[in-house]
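Only one structure is covered here, and it is reproduced in the block below.
The values are calculated or read from the model by the stated rules, or taken from the named source; none is laboratory data. These numbers come from a predicted model, not from an experiment. Note: ideal-geometry Cβ built from the backbone for every residue, glycine included; neighbour counts use all protein chains shown.
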Amino acid sequence: MGMPSDIGIIDLMFGLPIRDYDATYQFLRDAARDKESKEGFKFPAEYMFKGVPYDFGKDGDPVKVTLDEMDRWGIERAMINAGRGDSERALKEHPDRFFGVLHVDPNQGMDAVRALVRAHETYGIKAGSTFPAGNTPQIAINDPQMYPLYAKCIELDIAFFINAGVPGPRVPMHCQHVEHLDEVCWFFPELRLVIYHGAEPWQALACKLMLKWPNLYYATSAFAPKHYPQEVIHYANTRGADKVLYAGYFPMGLTLERIMTEMPDVPFRDHVWPKFLRENAIRVLKLDA
């Protein structure tokens, strides 16, 4: 059977048109030390991606052009950052198509915790997230400064998405070592924790930890389908069908055209596809089916 063509796909890393790349990624430009990252890159992991859709939506209403692109490629619903202007309008006007995640910086302490609560009350966000290597200063996945955010997500009954593995931007990696997830899952067994951005080169360790911890999951964000780690595909096809969730990277680094034209070639078994594209997201984020 292969990839189904009649399923309402749920994308767990999605965005509206990026109006100002310089402003959006200034925090990573400031953190970098090499000249190319500071002066040459428009997108901080540009050396890793081809065909970044820089011009997407520049001439139209950002919400409308995004919905049109979703309809074109079979994306029924998408998770977007609740902390950005156009996204706020999308969440309010199209709750049937968009749901929210709030990206937070644990350096902000209780202000970050309060921001999660406000976003949950205002938009009904389904998750929080952070980028350990992108925070300034960096904060490791298992650092105590993260713990109030994890605890609040448990209280709000929402998931938490966290980057793990070597970061694409040229900043240090140690804070995102996959082994740090083990301690968090041990201390917070009620936390639904989802790995973003690959976990490479420790993807085999990520699969082992998902086998160990019931509430640890993996989302395929920032990877073109032809580059999905083979260990993750094997895990999904064997014991991990309920643990691997689809997340794209549009329009940050990939086009939906590239993602969806490569996707049918991913060798998932038939029973994995509906879970990967839709059902796991509904269960882990407690969405309405």
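If you take the residues in the stretch 233-289 that are free of Cβ contacts under 8 Å to residues at least 24 places away in the same chain and in a loop (DSSP other than H, G, I, E, B), which one is farthest from the chain's Cα centre (by Cα)?
T238
Filter the stretch 187-199 down to the residues that are under 22 Å from V244 (Cβ atoms) and out of contact with any strand residue (DSSP E or B) (no Cβ under 8 Å at 6 or more places or on another chain) and list them by number.
F188, P189, E190, G198
Exactly one condition in (1) in contact with a strand residue (DSSP E or B) (Cβ under 7 Å, 6 or more places away or on another chain); (2) surrounded by fewer than 22 Cβ atoms within 10 Å (Cβ to Cβ); (3) modelled with pLDDT of 95 or more is false for G83; which is it?
(3)
Looking only at residues that are of a type outside the set (V, I, T) and not in a loop (DSSP other than H, G, I, E, B) in the stretch 128-138, which one is farthest from A45 (Cα to Cα)?
Ranking the candidates gives G128 first.
Only one of I125, I141 is among the aliphatic types (A, V, I, L, M), at pLDDT 95 or above, in a loop (DSSP other than H, G, I, E, B) and under 23 Å from C207 (Cα atoms). Can you tell me which?
Going through I125, I141 in turn, the sole match is I141.
For the stretch 180-228, which positions are part of a loop (DSSP other than H, G, I, E, B), within 16 Å of the chain's Cα centre (by Cα) and free of Cβ contacts under 8 Å to residues at least 60 places away in the same chain?
Passing the criteria: H197, G198, A199, E200, T220, F223, A224, Y228.
If you go through the stretch 47-73 one residue at a time, how many are among the aromatic types (F, W, Y), crowded, with 17+ Cβ neighbours inside 10 Å and part of a helix (DSSP H, G or I)?
1
List the residue pairs whose Cβ atoms are under 6 Å apart, where the first residue sits in the stretch 66-88 and is without any contact (Cβ under 8 Å) to a residue 60 or more places away in the chain, the second is part of a helix (DSSP H, G or I), and the two are 6 or more positions apart or on different chains.
A82/A119; A82/Y123
Are there any pairs with C-beta distances below 8 angstrom linking a residue in the stretch 100-127 that is polar (S, T, N, Q) to a residue that is surrounded by 18 or more Cβ atoms within 10 Å (Cβ to Cβ), with the two at least 6 apart or on different chains, and if so which?
Sorted first by the residue in the stretch 100-127, then by its partner, the pairs are N107/N135; N107/I139; Q108/A115; T122/A82.
Sort out which residues of the stretch 30-46 are exposed (fewer than 15 other Cβ atoms within 10 Å of the Cβ) and within 22 Å of the chain's Cα centre (by Cα), and write them in order of number.
Matches in the stretch 30-46: K42 only.
Provide a single number: the residues in the stretch 236-264 that are closer than 16 Å to W73 by Cβ, surrounded by fewer than 18 Cβ atoms within 10 Å (Cβ to Cβ) and not polar (S, T, N, Q).
Residues that pass the stated criteria total 3.
Would you confirm, using the coordinates I've provided, whether K42 is closer than 20 Å to G134 by Cβ, in a loop (DSSP other than H, G, I, E, B) and free of Cβ contacts under 8 Å to residues at least 60 places away in the same chain?
Against the criterion (closer than 20 Å to G134 by Cβ, in a loop (DSSP other than H, G, I, E, B) and free of Cβ contacts under 8 Å to residues at least 60 places away in the same chain), K42 qualifies.
Tell me, yes or no, whether the stretch 3-12 has at least one residue that is modelled with pLDDT of 95 or more, closer than 22 Å to T255 by Cα and of a type in the set (S, T, N, Q).
Among the residues of the stretch 3-12, not one is modelled with pLDDT of 95 or more, closer than 22 Å to T255 by Cα and of a type in the set (S, T, N, Q), which makes the answer no.
When both residues are 6+ apart or on different chains and their Cβ atoms are under 9 Å apart, which pairs have a first residue that lies in the stretch 1-14 and is free of Cβ contacts under 8 Å to residues at least 12 places away in the same chain, and a second that is in a loop (DSSP other than H, G, I, E, B)?
D6/G74
It is to be established whether one or more residues within the stretch 108-119 are modelled with pLDDT of 95 or more, part of a loop (DSSP other than H, G, I, E, B) and out of contact with any Pro (no Cβ under 9 Å at 6 or more places or on another chain).
no
Counting only residues that are touching a Ser or Thr at 6+ places or on another chain (Cβ under 9 Å) and either in contact (Cβ under 8 Å) with a residue 40 or more places away in the chain or on the phi > 0 side of the Ramachandran plot (or both), how many does the stretch 160-170 have?
Counting residues in the stretch 160-170 that are touching a Ser or Thr at 6+ places or on another chain (Cβ under 9 Å) and either in contact (Cβ under 8 Å) with a residue 40 or more places away in the chain or on the phi > 0 side of the Ramachandran plot (or both) gives 3.
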